[in-house]
Amino acid sequence: MSKISITETVLRDANQSLIATRMPFSEIEPILGKMDKAGYYSLECWGGATFDSCLRYLDEDPWERLRKIKAACPNTKLQMLLRGQNLLGYKHYPDDVVRLFVRKSVENGIDIIRIFDALNDVRNIEVAVDETLKCGATASGTICYTISPIHNLESFVKLAKQIESLGVQTLCIKDMAGIMSPKEGYELVKAIKESVKIPVAVHTHSTAGLGFMTLLKCVEAGADIIDTAVSSFAGGTSQPATETMIYTLEQFGYETGVDRAACKKINDHFKKYRKEVLEDGTLNPLVLSVQADIINYQIPGGMLSNLMAQLEAQNALDKLDDVLKETERVHKDMGYPPLVTPLSQMVGVQAASNVLAGERYKNISSEIKNYVRGEYGRAPGEINPDIKKLILGDDEPYTCRFADTLEPGVEKARKELEGIASSDEDVLSYIAFPTQATEFFKKREERKKNTFSYRISKID
Ligand code: CO
């Protein structure tokens, strides 16, 4: 019987995709023990937007959350998502920061780090992969799936081999936009499985209604690991449902190792929470529906809704078709970067500006300028030479890795935080999200004082 491993995403991606990562630890805590014994390959529970959200909205220390999850889940591997040299944000960090972040993530409980770069520039994941391996954890090298005239089976297989050669233990095909069709997924997994030796994981979203079918076909093609979310937090912009996939796969004779009775208990728990977030508006029912439009436009759902909101704000929704056509041209001008954050927003905003100004590249955002300068990494294809000239003049773009131009950051931050930070974890929170972390430290200090006076009054 073939074995398929299941990564449960409710704590990270489902939480992030459906309710903007607003799930507090108190909602998670009571069910962790059951989740630990359900038989998942891993629990995706940290990284991505969870870190920022803890500090910004939930008044939680993200590191403490991780340690608590680890304490409650000693048997299941804990997994996080890491944006390579960007860590959890969009700017590049120097190598010493990346290494310390990876090391502390593993020390605090992470077993598997899924590492990707938005441009699929392997140089931007190398250091994080290297440190993960040095820490004795599992590095999952990741391909961002995208559709363009220059991305094809051959280019993805080449990339897969490059990533495998870094020494990663697994390879992930990450379809963040949920645009990978069952046929494309089948052919891609098949081609990659024929070319690499390590297990292949598939990550997709149900946004366009393709997710369930795509995962099934990917399993048929030989995928070893799939990402799913417990059904009350599945579907729409989240992952396909865990219970549905297990049921289907077991009928086809696959062994998932996941206990369906445990799944039911886990789902019953999150069902109650879903009701709450539906009622208070945190969960918008629209995100649970099928957005087949994105199949026609071949752009991520989030990008389409951003464009529409942007045009609506300027009373120009009638220009949507023009902007979508211009999006294709800007995408090409930029050398076909995968349309994921932040490139999806950058390309969309530039396209809207080109149409609304009545002149292409009359206004150019600083992000697009930095991208053309090479600060995000190497573009997958060629950047339009005329646009390059327009932006850079006679300057040359970076050919080195952008992080090589950065000064080390850990010692500097440690000094800045003397008397404020109580650990390297604090220092890393500050480096990643300075404003949010500073606010958080202040509130934590207040709480400590309050606890102290409370204790004194008790003694009295
Ligand atoms: Co995702």
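The values are calculated or read from the model by the stated rules, or taken from the named source; none is laboratory data. Computed from a prediction, not measured in an experiment: that's the story for all the values here. All Cβ positions, even for glycine, are placed from backbone atoms using ideal geometry, and neighbour counts span all protein chains on display. All accessible areas refer to the heavy atoms of the entire protein, side chains included, with ligands and DNA or RNA removed. Shrake-Rupley method; radii C 1.70, N 1.55, O 1.52, S 1.80 Å.
The number of residues in segment 97-107 being open to solvent by 10 Å² or more (accessible area, probe 1.4 Å) and either part of a loop (DSSP other than H, G, I, E, B) or touching an Asp or Glu at 6+ places or on another chain (Cβ under 8 Å) (or both) comes to 4.
Set side by side, the residues THR242, THR228, THR207 differ, and just one is hydroxyl-bearing (Ser, Thr, Tyr) and either more than 19 Å from SER42 (Cα to Cα) or more than 16 Å from the ligand (Cβ to nearest atom) (or both), which is THR207. Residues of segment 248-279 that are hydrophobic (A, V, I, L, M, F, W, C) and either crowded, with 16+ Cβ neighbours inside 10 Å or in a helix (DSSP H, G or I) (or both): LEU249, VAL258, ALA261, ALA262, CYS263, ILE266, PHE270, VAL277, LEU278.
Restricting attention to segment 130-152, does a residue exist that is charged (D, E, K, R) and closer than 22 Å to ALA229 by Cβ?
The answer is no, given that none of the residues of segment 130-152 is charged (D, E, K, R) and closer than 22 Å to ALA229 by Cβ.
Residues of segment 35-58 that are assigned to a loop (DSSP other than H, G, I, E, B) and either at negative phi or at pLDDT 95 or above (or both): LYS37, ALA38, GLY39, TYR40, TYR41, ALA49. Here GLY84 passes the criteria (1) at negative phi; (2) in contact with a Phe, Trp or Tyr (Cβ under 7 Å, 6 or more places away or on another chain); (3) in contact (Cβ under 8 Å) with a residue 40 or more places away in the chain except the one numbered (1).
Filter segment 283-321 for residues that are assigned to a helix (DSSP H, G or I), open to solvent by less than 80 Å² (accessible area, probe 1.4 Å) and closer than 18 Å to ARG360 by Cα and give the result. Scanning segment 283-321 gives LEU307, GLN310, LEU311, LYS319, LEU320. Take GLU279 and tell me if it is out of contact with any helix residue (DSSP H, G or I) (no Cβ under 9 Å at 6 or more places or on another chain), within 23 Å of ILE19 (Cα to Cα) and more than 16 Å from the ligand (Cβ to nearest atom). Here the answer is yes, as GLU279 does meet what is asked. Of the residues GLU64, GLU126, the single one that is out of contact with any Phe, Trp or Tyr (no Cβ under 7 Å at 6 or more places or on another chain), free of Cβ contacts under 8 Å to residues at least 12 places away in the same chain, part of a helix (DSSP H, G or I) and of a type outside the set (Gly, Ala, Ser) is GLU64. Inside segment 108-134, residues that are more than 17 Å from the chain's Cα centre (by Cα), surrounded by fewer than 24 Cβ atoms within 10 Å (Cβ to Cβ) and closer than 17 Å to GLN85 by Cα make up a count of 7.
If you take the residues of segment 161-184 that are part of a helix (DSSP H, G or I) and open to solvent by less than 50 Å² (accessible area, probe 1.4 Å), which of them is nearest to PRO337 (Cα to Cα)? Break it down into steps so the answer makes sense when it comes.
We begin by selecting, within segment 161-184, every residue part of a helix (DSSP H, G or I); these are 161-164, 182-184.
Subsequent filtering for residues that are open to solvent by less than 50 Å² (accessible area, probe 1.4 Å) retains 163-164, 182.
On the way: ILE163: 18, GLU164: 22, PRO182: 23 Å.
Looking at the filtered set, the residue picked out is ILE163.
When ALA191 is tested against (1) outside any loop (DSSP other than H, G, I, E, B); (2) among the hydrophobic types (A, V, I, L, M, F, W, C); (3) surrounded by fewer than 18 Cβ atoms within 10 Å (Cβ to Cβ); (4) touching a strand residue (DSSP E or B) at 6+ places or on another chain (Cβ under 9 Å), exactly one condition is not met: (4). Taking the criterion of being away from the ligand (no atom under 11 Å from the Cβ), hydrophobic (A, V, I, L, M, F, W, C) and either more than 17 Å from THR341 (Cβ to Cβ) or at pLDDT 95 or above (or both), the residues of segment 4-34 that qualify are ILE4, ILE6, VAL10, LEU11, ILE19, MET23, PHE25, ILE28, ILE31, LEU32. Can we say LEU428 is out of contact with any Pro (no Cβ under 7 Å at 6 or more places or on another chain), within 19 Å of LEU55 (Cβ to Cβ) and not in a loop (DSSP other than H, G, I, E, B)? So LEU428 fits the description; yes. Restricting segment 144-160 to residues that are in contact (Cβ under 8 Å) with a residue 40 or more places away in the chain and buried (at least 22 other Cβ atoms within 10 Å of the Cβ), the residue that is nearest to ALA71 (Cα to Cα) is CYS144. Entry remark, segment 433-453: residues being open to solvent by 90 Å² or more (accessible area, probe 1.4 Å), hydrophobic (A, V, I, L, M, F, W, C) and modelled with pLDDT of 85 or more number 0 in total. Beta carbons closer than 9 Å, at least 6 apart along the sequence or on distinct chains, pair a first residue in segment 277-299 that is more than 28 Å from PRO338 (Cα to Cα) with a second that is of a type in the set (D, E, K, R) and surrounded by fewer than 15 Cβ atoms within 10 Å (Cβ to Cβ) for THR282/GLU276.
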